[in-house]
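Novice: Could you have a look at this structure, given as structure tokens, before my questions?
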Amino acid sequence: MSRPGKGPFLWKKPAEVRSDGGTRSAVWVIKDGAIRRSTGIRAEDGRKTPPEEAQQALADYISEKYQPAREQGRSSASIPIADVISIYLSDKADSQARPKEVAGRAERLLGWWGDKLLSQVTGANCRAYAEYRNAPGAARRELEDLRSAIRYHRQEGLCREVIEVTLPEKGNPRERWLTRSEAAKLIWAAWQYREIQKGEKTGRRSRQHVARFILVALYTGTRAGAVCSASLEPTGGQGWVNLETGIFYRRPSGERETKKRRPPVRLSTRLISHLRRWNKNKQKYAVEFNGKPVKDVDKAFRACVSDARLGNGVSPHTLRHTAATWLMQKGVDLASAASLLGMTVQTLERVYWHHHPDYQVQAAEALSRGPSADRNSANKSEQASLNETKIIDFARVS
């Protein structure tokens, strides 16, 4: 029996010298057996993972050109995992809130699982995949997609067996957050940075868009993607800030809600003043670079963190953790804070409640006070009074 194909995946075709002596740039190519199809998207030096555009090209190729078998009631030992993932992408990806991210995760899954059969989805292989990815959080999210694809495949009647996917354990909640002093250092590092050319600083301040990103993310608790895509006027397919009412509509109109909720958020007076001023200066998006919206600020953000000497573990998502922590430290009630952050009250209480000034205060004080209501009751023993006196005396000297 011939070995099943790996299925379509993205390959970084290296740069090469043309016959005329010129150079042909490195490019991302879709490989599917003997088929080689260029995406037309250049491969940047030093970047190992395909960009979103290349991942979308792969998803389009799979959904439009690659037609996996859809025979009913097959055995898992005869079904390539590449078919399972392809069917899921074809039928379900477009209905997802972020189809490009789904395509990217599918590409990474195919890179390891693409030459395997459905019967090979075992606990051992799932653990091997997590070890191969060397990123427990990312591996878990990708295996969740694999689980969804397998469940959908069986619901369609294409496999007669139940296949279980073993997920890595959930990681502990991130605890890193910024003090107000650290946040100020980070904003200043972004704002005052001057671009270096030929070893010397120029007058071009090329990271000020990162400072604007930090302000919006920090004072709304909004995820990085929603901040970067936010327009300062109504724009189809994007979130936007109403500069008159001061409401930030984080979820684009018509886009369905997901577990990562993005409800509207009211902006503070100070933040809306900044945004109105930026808009008067011809800025159309909350975060712009050279007059155009940015897709992300990851690379420049890391450089600003380094300049501010904040150490490891600070990412754009740290700003959301910081916003939640500050809200708790300020004593904001759970319901109001959860509404602003787009987070459930249960999550906020589980991860951030210990920063609140009222955290366990009543319980702690109750333990330290001792008997009160029955202090004068007739059944209070003399021994109990003596023990309480000893505890109080010990507390005074210690």
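The values are calculated or read from the model by the stated rules, or taken from the named source; none is laboratory data. A quick note: this is a predicted structure, and the numbers were derived from the prediction, not measured. Cβ sites come from the backbone with ideal geometry, for glycine too, and all protein chains shown count toward neighbours.
Novice: Residue by residue through the range 209-237, note down the ones that are surrounded by fewer than 16 Cβ atoms within 10 Å (Cβ to Cβ) and either charged (D, E, K, R) or in contact with a helix residue (DSSP H, G or I) (Cβ under 7 Å, 6 or more places away or on another chain) (or both).
Specialist: Just the residues of the range 209-237 that are surrounded by fewer than 16 Cβ atoms within 10 Å (Cβ to Cβ), to begin with: 233-234, 236-237.
Selection gives E233 alone.
Novice: Kindly check whether there is at least one residue in the range 183-206 that is among the aromatic types (F, W, Y), farther than 21 Å from P293 by Cβ and touching a helix residue (DSSP H, G or I) at 6+ places or on another chain (Cβ under 9 Å). Before you say what the answer is, go through the steps one by one.
Specialist: Kept after step one, since they are among the aromatic types (F, W, Y), are these residues of the range 183-206: 188, 191, 193.
Those still in the list that are farther than 21 Å from P293 by Cβ too: 188.
The next check asks that each one be touching a helix residue (DSSP H, G or I) at 6+ places or on another chain (Cβ under 9 Å); those that pass are 188.
Looking for residues that are among the aromatic types (F, W, Y), farther than 21 Å from P293 by Cβ and touching a helix residue (DSSP H, G or I) at 6+ places or on another chain (Cβ under 9 Å), one finds at least one in the range 183-206, hence yes.
Novice: D20 - would you say it is over 22 Å from the mean Cα position of the chain (by Cα) and at pLDDT below 85?
Specialist: On the way: over 22 Å from the mean Cα position of the chain (by Cα): yes; at pLDDT below 85: yes.
Against the criterion (over 22 Å from the mean Cα position of the chain (by Cα) and at pLDDT below 85), D20 qualifies.
Novice: Could you please find all residues in the range 262-318 being crowded, with 16+ Cβ neighbours inside 10 Å, part of a helix (DSSP H, G or I) and hydroxyl-bearing (S, T, Y)?
Specialist: Residue satisfying the conditions is T318 alone.
Novice: Got at least one residue in the range 49-66 being at pLDDT below 80, among the aliphatic types (A, V, I, L, M) and over 24 Å from the mean Cα position of the chain (by Cα)?
Specialist: Yes, that holds for at least one residue.
Novice: Separate question: Between a first residue in the range 118-142 that is closer than 14 Å to E169 by Cα and a second residue that is among the basic types (K, R) and surrounded by 15 or more Cβ atoms within 10 Å (Cβ to Cβ), which pairs have beta carbons less than 9 Å apart while being 6 or more apart in sequence or on different chains?
Specialist: A130/R140; A138/R105; A138/R108; A139/R133; R141/R105; E142/R105; E142/R108; E142/R133
Novice: Across the range 187-205, what is the number of residues that are in contact (Cβ under 8 Å) with a residue 60 or more places away in the chain and either outside the structural domain of A308 (by TED's automatic domain parsing) or in contact with a Phe, Trp or Tyr (Cβ under 9 Å, 6 or more places away or on another chain) (or both)? Don't jump to the end; show me each part of the working.
Specialist: Applying the first criterion (in contact (Cβ under 8 Å) with a residue 60 or more places away in the chain) to the range 187-205 yields 188-190, 193.
Checking the rest, the ones that are also either outside the structural domain of A308 (by TED's automatic domain parsing) or in contact with a Phe, Trp or Tyr (Cβ under 9 Å, 6 or more places away or on another chain) (or both) come to 190.
Qualifying residue count, the range 187-205: 1.
Novice: Every residue in the range 28-43 that is part of a strand (DSSP E or B) and surrounded by fewer than 13 Cβ atoms within 10 Å (Cβ to Cβ), please. Give the steps one after another, and end with the answer.
Specialist: Restricting attention to the range 28-43, the residues satisfying the condition of being part of a strand (DSSP E or B) are 28-32, 35-42.
Of everything in the range 28-43, those that are part of a strand (DSSP E or B) and surrounded by fewer than 13 Cβ atoms within 10 Å (Cβ to Cβ) turn out to be I35, R36, S38, G40.
Novice: Select from the range 44-63 the residues that are crowded, with 17+ Cβ neighbours inside 10 Å and of a type outside the set (G, A, S) and list them in ascending order.
Specialist: Going residue by residue through the range 44-63, those that are crowded, with 17+ Cβ neighbours inside 10 Å are 50-51, 54-59, 61-63.
Selection gives P50, P51, Q55, Q56, L58, Y61, I62.
Novice: So which helices (runs of 4 or more DSSP H) stay within the range 319-395 end to end and still have 1 or more residues that are modelled with pLDDT of 90 or more and within 28 Å of the chain's Cα centre (by Cα)? Quick ask: steps written out before the conclusion?
Specialist: Values: elements: 334-341, 345-352, 361-369.
Of the helices (runs of 4 or more DSSP H) lying wholly inside the range 319-395, those with at least 1 residues that are modelled with pLDDT of 90 or more and within 28 Å of the chain's Cα centre (by Cα) span 334-341, 345-352.
Novice: If a residue has to be loosely packed, with under 12 Cβ neighbours inside 10 Å, modelled with pLDDT under 95 and closer than 30 Å to Y352 by Cβ to count, how many in the range 158-204 make the cut?
Specialist: Count: 6.
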